[in-house]
Amino acid sequence: MRPRFRVDRVALVTGSARGLGKASALALAREGATIIINDLPRNEAVAEATADEFRHGDLSAEVALANVSDEAQVDALIAGIIARHGRLDILVNNAGINRDAMLHKMTDEQWQQVIAVDLSGVFYMTRAASRIMRAAGRGRIVNISSASWMGNIGQANYAAAKAGVIGLSRTAAKELARSQVTVNAICPGFIDTQMTRGIPDAIREQQVAKIPLGRMGQPADVAAVVAFLASDEAGYVTGEVINVGGGYVL
């Protein structure tokens, strides 16, 4: 397969043992990137299986485990990549969780867990990677936000975190532009992932009915945009927030 975009770089995708992260890592690998598959230490077996799947397809992949909500683990993760490869060119902040509950029933723990992973984790990863990329004078950071940033019933924690990712992305884009590091955010809509498969069928049908293109999105739909934003061809695109939801937020 002839690559569409040039991404022959070292790329770290967080939360990439499965789902949207795996699809994004696969898209980058097919474009020539050396992929660092990251997930939680407890998901090591799944992450290694994903890496093996990539390698069996003659794609370059390795595993680096870390909890992105733990600052020390993040710093160790980045240091390990630099020790092994001497560079980090692409960061895709995909790792995320949800702990849905109505606002009046949401516990402090549910709030803090989501903010820790979905917002603080993006901050820790972006901060650590930006230091490497600034010194190199190049880099691509792609942050996965969500259409839920606009507000969604039962998701005060998730919506707040994903809105924060947009603000963080735009600020980082302004700060890092002089170093030729681009930062963009993607807002997936209703995508067929493990997270959405647990939704009751009736609610899924209601959500699909709101999508102008008339179907749920697939991880590959989002991954294609990740691959472009990570490429050399997207070098003049920064600070953007791209909705990938079939018109869901129109």
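Of the residues making up the range 167-188, none is closer than 18 Å to residue 24 by Cα and not in a strand (DSSP E or B). Test residue 66 against the criterion of being assigned to a strand (DSSP E or B) and either among the aliphatic types (A, V, I, L, M) or surrounded by fewer than 24 Cβ atoms within 10 Å (Cβ to Cβ) (or both), and give yes or no. It is false that residue 66 is assigned to a strand (DSSP E or B) and either among the aliphatic types (A, V, I, L, M) or surrounded by fewer than 24 Cβ atoms within 10 Å (Cβ to Cβ) (or both). Against the conditions (1) surrounded by 15 or more Cβ atoms within 10 Å (Cβ to Cβ); (2) under 25 Å from residue 230 (Cα atoms); (3) charged (D, E, K, R), residue 174 satisfies every one except (1). The listed residues are 167, 154, 137, 198, and the only one of them that is out of contact with any Ser or Thr (no Cβ under 9 Å at 6 or more places or on another chain) and loosely packed, with under 13 Cβ neighbours inside 10 Å turns out to be 198. One residue stands out among those in the range 1-13 that are in contact with a helix residue (DSSP H, G or I) (Cβ under 6 Å, 6 or more places away or on another chain) and modelled with pLDDT of 95 or more: the one that is farthest from residue 188 (Cα to Cα), which is 10. Of the residues making up the range 74-90, those that are assigned to a loop (DSSP other than H, G, I, E, B) and either under 9 Å from residue 12 (Cα atoms) or among the aromatic types (Phe, Trp, Tyr) (or both) are 88, 89. In this structure, residue 52 does not satisfy being assigned to a loop (DSSP other than H, G, I, E, B), surrounded by fewer than 22 Cβ atoms within 10 Å (Cβ to Cβ), at pLDDT 95 or above and more than 15 Å from the chain's Cα centre (by Cα).
In this entry, residue 199 passes the filter for residues that are free of Cβ contacts under 8 Å to residues at least 12 places away in the same chain, in a loop (DSSP other than H, G, I, E, B) and among the β-branched types (Val, Ile, Thr).
Taking the criterion of being among the polar types (S, T, N, Q), outside any helix (DSSP H, G or I) and without any contact (Cβ under 8 Å) to a residue 24 or more places away in the chain, would at least one residue in the range 135-147 satisfy it? Within the range 135-147 (the criterion being among the polar types (S, T, N, Q), outside any helix (DSSP H, G or I) and without any contact (Cβ under 8 Å) to a residue 24 or more places away in the chain), the answer is no, since none of the residues qualifies. If the condition is being acidic (Asp, Glu) and more than 15 Å from the chain's Cα centre (by Cα), then the range 104-142 contributes 108, 109.
The values are calculated or read from the model by the stated rules, or taken from the named source; none is laboratory data. Every value quoted in this text rests on a predicted model; they were computed, and no experiment measured them. Counting neighbours? That spans all protein chains shown, and the Cβs are built from the backbone with ideal geometry, glycine included.
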